[in-house]
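Notes for the one structure printed next.
The values are calculated or read from the model by the stated rules, or taken from the named source; none is laboratory data. These numbers come from a predicted model, not from an experiment. Note that we place each Cβ from the backbone using ideal geometry, even for glycine, and neighbour counts take in every protein chain shown. The area values use the complete protein model at the heavy-atom level, side chains included, leaving out ligands, DNA and RNA. Shrake-Rupley method; radii C 1.70, N 1.55, O 1.52, S 1.80 Å.
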Amino acid sequence: MTTPDAKRHMPYPLEELIAELRELLGERGVSVELAARERASVDGSRLSPVISAQLPLGLADVVAYPTSADEIAVVVGAASRLGVPITPRGKGTGNYGQAIPFTGGLVLDMTKARAVVSVGDGELTAEAGATMVSLEQAANKADQQILMYPSTAQSSLGGFLAGGSGGTGSIKHGSNHQGFVKALDIVHADGTGEIVHVEGDEAQKYVHNYGTAGIIVRATIALEQLQDWRGFFASFDSFEQLLPLMRAFGELDPLPRLTSGDLSTLADALPDDPAIPAGRASLRAILDVSTVDAATALVEAAGGRVEDVREGPQTSMKISMMSYNHPIEWLQKAYPDTYFHVEVSGDPLIDRIDEVHAVYPGGMLHIETAHGRPIGMLAGRYSSPEEVFAGFDRLAELGVGYHNPHQWFVDFEPARTRELARTTDPNGLLNPGKLVDATLATGAKVS
Ligand SMILES: Cc1cc2nc3c(=O)[nH]c(=O)nc-3n(C[C@H](O)[C@H](O)[C@H](O)COP(=O)(O)OP(=O)(O)OC[C@H]3O[C@@H](n4cnc5c(N)ncnc54)[C@H](O)[C@@H]3O)c2cc1C
């Protein structure tokens, strides 16, 4: 594994920046306390034993807490004029180490800049620190819903756009770079502190590259008509009975908002719920109310049983928070220091599950559907980074797409981002160490 190659940008005039930030944000808007700097220098990368073994990977010199989009912009203006590295940060749940300040400098905590600015017909505008769950609530009040949100529903809009990729809603809408974003307000690291408005294709260039080409201060995202959702829980004697339903549920009309499947060991690690009975494979879905009968018939025909059908947005959130990486996190809580995971995709997840499971000792798949394709998290017992990386070739032989969650490099459109950053971040101050030459990105392959 390549260690952070970012060079420290020292010496930079830290004291000058701190004084300027105090002037701009007041005493409470800036911290140099060790505890605050440490809190601002970790993220969700504990999910990876490969990265965890290398922690700590950086420590902020100073943390700023702007409370509005305009304050974010002036902070970025000041830091970039003084040549201080800037690591943007939302809720710090990103699971690849993307939010760790490898070179120290300023961590820009945006969780206090969280206003929902407007909700219109088919679109919503909010500041970068707004939580995804607050956006869904604001949209619901206007009889609409957001197209997607991650299983970390309390994470920030800016963090989801810059670090995340999809979640609840991806079954229909794919990833967050596929029409989710309508417009962005960005501040570049060019010393001006000016907010630049970008729309359409220009806006997509700032999605999923960890803030390395610009800091998102505000975003406008697409909304759709609110649907009447039901939380649907079913269980099965075996995972093999459940798997074909991932495809069958993907043919329901209207589509579900989420379908999640786990074999019994993974399901048993989830939070206690009578609708997830011990020792059984678990299928959880967020279904349009009009499809519940059809889904029930599919479950029964496959030899399973429906455990519960629940109403209300809390049930949808609960099911979302047991999707994507979350079953792996629960598995790691149940069996500390035992499991790692790889993000996987493709039909072999259903058609060749035994071979997929056999790639790693103790292999276990958590499965979802995104844009008509099976995707998931393949857990395995951890022994060494080499064993993890060796499995990638075997996955490729099986026709399984994979993404390596044990590295922190920008691996989505890195050439496009480098080109953009040449002008938007001429001194390489934005999230240093993440946007590197692709040849250094060992084991990285976006599926
Ligand atoms: C258990 C678990 C489950 C997860 N499930 C999902 C999931 O379902 N789907 C998914 O996509 N991801 C998932 N993730 C990853 C992560 O939680 C999400 O992507 C989340 O939306 C990130 O938001 P955040 O506010 O925590 O961002 P952070 O972790 O704070 O930041 C993420 C990245 O974006 C950069 N950044 C933050 N704010 C800005 C900004 N305003 N402008 C520019 N750059 C910025 C940071 O520097 C960092 O590189 C999961 C992680 C864990 C640990």
Count - residues of the range 413-447 that are farther than 20 Å from V107 by Cβ, modelled with pLDDT of 95 or more and open to solvent by less than 60 Å² (accessible area, probe 1.4 Å): 3
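Report yes if some residue within the range 205-220 is open to solvent by 30 Å² or more (accessible area, probe 1.4 Å), without any contact (Cβ under 8 Å) to a residue 40 or more places away in the chain, within 15 Å of the ligand (Cβ to nearest atom) and under 14 Å from T423 (Cα atoms); otherwise report no.
First, the residues of the range 205-220 that are open to solvent by 30 Å² or more (accessible area, probe 1.4 Å): 205, 218.
Narrowing further to those that are without any contact (Cβ under 8 Å) to a residue 40 or more places away in the chain: none.
Scanning the range 205-220, I find no residue that is open to solvent by 30 Å² or more (accessible area, probe 1.4 Å), without any contact (Cβ under 8 Å) to a residue 40 or more places away in the chain, within 15 Å of the ligand (Cβ to nearest atom) and under 14 Å from T423 (Cα atoms), so the answer is no.
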When you look at D393, is it open to solvent by 50 Å² or more (accessible area, probe 1.4 Å), out of contact with any strand residue (DSSP E or B) (no Cβ under 8 Å at 6 or more places or on another chain) and not β-branched (V, I, T), yes or no? yes
Of everything in the range 313-346, what is free of Cβ contacts under 8 Å to residues at least 24 places away in the same chain and farther than 21 Å from M364 by Cα? Give them in sequence order. Q314
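Return yes or no: is S45 buried (at least 23 other Cβ atoms within 10 Å of the Cβ) and assigned to a helix (DSSP H, G or I)? Lay out the reasoning, then the answer.
On the way: buried (at least 23 other Cβ atoms within 10 Å of the Cβ): yes; assigned to a helix (DSSP H, G or I): yes.
It is true that S45 is buried (at least 23 other Cβ atoms within 10 Å of the Cβ) and assigned to a helix (DSSP H, G or I).
Condition check: within 27 Å of L252 (Cα to Cα) and of a type in the set (G, A, S). Does G372 satisfy that? Even if it seems obvious, please write down each step before you answer.
Values: within 27 Å of L252 (Cα to Cα): yes; of a type in the set (G, A, S): yes.
Spelling it out, G372 is indeed within 27 Å of L252 (Cα to Cα) and of a type in the set (G, A, S).
If I filter the range 353-367 for residues that are touching a strand residue (DSSP E or B) at 6+ places or on another chain (Cβ under 9 Å), of a type in the set (D, E, K, R) and modelled with pLDDT of 95 or more, do I get at least one hit?
Looking for residues that are touching a strand residue (DSSP E or B) at 6+ places or on another chain (Cβ under 9 Å), of a type in the set (D, E, K, R) and modelled with pLDDT of 95 or more, one finds none in the range 353-367, hence no.
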Would you mind telling me which numbered condition in (1) touching a Leu at 6+ places or on another chain (Cβ under 7 Å); (2) closer than 22 Å to L435 by Cα; (3) open to solvent by 10 Å² or more (accessible area, probe 1.4 Å) R37 fails? (2)
Unmet criterion (only one of (1) under 28 Å from H197 (Cβ atoms); (2) out of contact with any Ser or Thr (no Cβ under 6 Å at 6 or more places or on another chain); (3) part of a loop (DSSP other than H, G, I, E, B)) for T93: (2)
Which numbered condition trips up I100, out of (1) in the same structural domain as Q154 (by TED's automatic domain parsing); (2) open to solvent by less than 50 Å² (accessible area, probe 1.4 Å)? (1)
For a quick check of your reading of the model, give me the residue pairs whose first member lies in the range 153-164 and is farther than 16 Å from N431 by Cα, whose second is near the ligand (Cβ under 6 Å from one of its atoms) and basic (K, R), with beta-carbon atoms closer than 7 Å and at least 6 apart or on different chains. Q154/K91; S155/K91; S156/K91
Any chance the range 133-140 includes a residue that's surrounded by fewer than 24 Cβ atoms within 10 Å (Cβ to Cβ), more than 30 Å from L258 (Cβ to Cβ) and more than 11 Å from the ligand (Cβ to nearest atom)? no
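What are the residues in the range 13-30 that are charged (D, E, K, R) and either open to solvent by less than 70 Å² (accessible area, probe 1.4 Å) or not in a helix (DSSP H, G or I) (or both), if any? Give the steps one after another, and end with the answer.
The initial filter retains those residues of the range 13-30 that are charged (D, E, K, R), namely 15-16, 20, 22-23, 27-28.
Selection gives E20 alone.
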Quick check on the range 141-154: of everything there that is within 11 Å of the ligand (Cβ to nearest atom) and in contact with a Phe, Trp or Tyr (Cβ under 9 Å, 6 or more places away or on another chain), which residue is farthest from I171 (Cα to Cα)? T152
In the range 281-307, what count of residues is obtained for those that are part of a strand (DSSP E or B), touching a Leu at 6+ places or on another chain (Cβ under 8 Å) and of a type in the set (V, I, T)? 1
Pick from A130, A113: which is in contact with a Pro (Cβ under 6 Å, 6 or more places away or on another chain) and open to solvent by less than 10 Å² (accessible area, probe 1.4 Å)? A113
Between G166, G174, G191, G179, which is within 11 Å of the ligand (Cβ to nearest atom) and not aromatic (F, W, Y)? G166
What is the residue count in the range 90-132 for residues that are touching a strand residue (DSSP E or B) at 6+ places or on another chain (Cβ under 7 Å) and either touching a residue at least 40 places away in the same chain (Cβ under 8 Å) or more than 9 Å from the ligand (Cβ to nearest atom) (or both)? 26
What is the one condition in (1) open to solvent by less than 30 Å² (accessible area, probe 1.4 Å); (2) free of Cβ contacts under 8 Å to residues at least 60 places away in the same chain that E199 does not satisfy? (1)
